[in-house]
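The values are calculated or read from the model by the stated rules, or taken from the named source; none is laboratory data. All figures in this text were calculated on a predicted structure; none of them were measured in a lab. Virtual Cβ from ideal backbone geometry, glycine too; neighbours counted across all protein chains shown.
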Amino acid sequence: MQDLNFYAAWVGILLGFISGSVLGLFFHDSDWLGGYGSWRRRMARLGHISFFGIAIINLIYALSVQVFNVRPPSPYPSYLFVAGAVTMPLVCFLSAWKKFFRHIFFIPVLCLIIGTLLFFKGGLFA
């Protein structure tokens, strides 16, 4: 399972670079997406940086399993970390598009929290 997280981490890093490049094309315009402090622009920036942040979580998980021989109790932490890596930027960018989508932020957050707790319970602190 850790291979999935290793590859998800590197895909997330690549998507972070790509999304940052696309967003960076417009950052010179102070009114872009409603201005620097606007909801839309903040959510777009959060989506961009979440690619990197959750990629690091997936990489650390993969290394914990491979390098430090921490055995997770099941494949669920792996799946939940990958689900968090997919859903967090998606919800951020959807929220930048339509504010209504902010109501589903619980999905990526729960994926990451439950994945971490399962890893703690059965792997890290077992």
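Annotations
- Residues within the stretch 3-20 that are over 15 Å from Phe93 (Cα atoms) and surrounded by fewer than 18 Cβ atoms within 10 Å (Cβ to Cβ), tallied: 9
- Hits in the stretch 96-116 (condition: in a helix (DSSP H, G or I) and more than 21 Å from Phe81 (Cα to Cα)): Ala96, Trp97, Lys99, Phe100
- Unique residue being at pLDDT 95 or above and not β-branched (Val, Ile, Thr) when the list is Phe51, Phe26: Phe51
- Single residue of the stretch 21-38 satisfying the filter (in a helix (DSSP H, G or I) and over 19 Å from the mean Cα position of the chain (by Cα)) that is surrounded by the most Cβ atoms within 10 Å (Cβ to Cβ): Leu33
- Residue match in the stretch 61-77 (condition: touching a helix residue (DSSP H, G or I) at 6+ places or on another chain (Cβ under 7 Å), aliphatic (A, V, I, L, M) and at pLDDT 95 or above): no
- Flag for Ile113 being out of contact with any strand residue (DSSP E or B) (no Cβ under 9 Å at 6 or more places or on another chain), of a type in the set (A, V, I, L, M) and surrounded by 15 or more Cβ atoms within 10 Å (Cβ to Cβ): no
- In the stretch 53-88, the residues that are in contact (Cβ under 8 Å) with a residue 12 or more places away in the chain, outside any helix (DSSP H, G or I) and surrounded by fewer than 16 Cβ atoms within 10 Å (Cβ to Cβ): Arg71, Pro73, Ser74, Pro75
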